[in-house]
Amino acid sequence: MSKVGKRPIALPEGGQVELHDGRVIVRGPHGSLEQVFESEFVDVGVHEGTVHVTRKADRAVYRSRHGLYRALIANMVHGVSQKWQRELELRGLGYRARLEGRTLVMELGYSHPVRYELPDGIEVEVRDNTRVTVTGIDKQLVGQVAAHIRGFRKPEPYRGTGVRYRGEEVARKAGKVGAK
C-alpha cells in the first residue's frame, strides 16, 4: 500500500470538498480549486471531514496514480485554507524590486528594468527592495511564477549575485587563482 496514498486528508475548518464526474472541487476561505482525476485508477471519497483516496488495483500504474492524486488533493486543501508562498532574494549591487500595480519591476544589472506581469491568482509582496514573496492558493502556479522570476537572473557562482530562493545555497567557485 502506498505510504502517501493511504493517509487521509483532514479538512480544515471552513473547507469543503465536492466530487463531480471525475473532478474534485475544493473550497475554502481563500478560494476554490478544481482537479480532474482518472476515475479508472482511483476512487475519491469524503467521510466525516476527511478525504480518502483508494486505488482500484495493485499494479504499478494504479499505485503511482494513488499517491499522485492524494498529494494533489492535499496541496489543494492546504492552498485554499492557508495559501502557499515562496520567498526570493535579490543579491547584487543595485539589484532591487518594486511593485507597480500588477507588474513586478526589477533592476537586475541589465540596461533596462525587467517587468513581469503577475498572473491571476498570484499576489506579490516586496520588502526591503530585495525580498520578494510570491503567494497564492495553487502550489504549482506559485512555484512556476517564482521559478520564472528567478530565471531572469539566476544565481551566479563566482560573485553570488542574482535572484535566489530564500535559504538557497549557491556553490561558489574560486575563479582564476594563477593570474599574475
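Worth a mention:
- Complete set of residues in the stretch 76-92 that are within 22 Å of residue 167 (Cα to Cα), modelled with pLDDT of 95 or more and either out of contact with any strand residue (DSSP E or B) (no Cβ under 8 Å at 6 or more places or on another chain) or among the aliphatic types (A, V, I, L, M) (or both): 88, 90
- When the residues of the stretch 41-54 are filtered to those that are in a loop (DSSP other than H, G, I, E, B) and out of contact with any helix residue (DSSP H, G or I) (no Cβ under 9 Å at 6 or more places or on another chain), the one that is surrounded by the fewest Cβ atoms within 10 Å (Cβ to Cβ) is 48.
- Filter result for residue 115 (of a type in the set (Lys, Arg) and at pLDDT below 95): no
- Here residue 144 fulfils each of the conditions (1) under 24 Å from residue 171 (Cα atoms); (2) touching a residue at least 12 places away in the same chain (Cβ under 8 Å); (3) of a type in the set (S, T, N, Q) apart from (2).
- Any hit, the stretch 126-143, residues being surrounded by 18 or more Cβ atoms within 10 Å (Cβ to Cβ) and among the charged types (D, E, K, R): yes
- Meets criteria (loosely packed, with under 13 Cβ neighbours inside 10 Å and within 22 Å of the chain's Cα centre (by Cα)) for residue 117: yes
Per-residue answers, yes or no, for (1) closer than 30 Å to residue 12 by Cα; (2) in contact (Cβ under 8 Å) with a residue 24 or more places away in the chain; (3) not assigned by TED's automatic domain parsing to the domain that holds residue 28:
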residue	(1), (2), (3)
46	yes, yes, no
77	yes, yes, no
100	no, no, yes
129	no, yes, yes
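- Flag if residue 85 is under 30 Å from residue 170 (Cβ atoms) and in contact with a Ser or Thr (Cβ under 6 Å, 6 or more places away or on another chain): yes
- The number of residues in the stretch 21-46 that are under 24 Å from the mean Cα position of the chain (by Cα) and acidic (Asp, Glu) comes to 2.
- Considering 7, 27, 65, 70, the condition of being of a type in the set (Lys, Arg), farther than 30 Å from residue 149 by Cα and not in a loop (DSSP other than H, G, I, E, B) is satisfied by 65 alone.
- Scope the stretch 78-106; condition under 20 Å from the mean Cα position of the chain (by Cα) and among the small types (Gly, Ala, Ser); matching residues: 79, 81
The values are calculated or read from the model by the stated rules, or taken from the named source; none is laboratory data. Here the structure is a predicted model, which means the values were calculated and not measured. Positions of Cβ are generated from backbone atoms using ideal geometry, with glycine treated the same way; all protein chains shown enter the neighbour counts.
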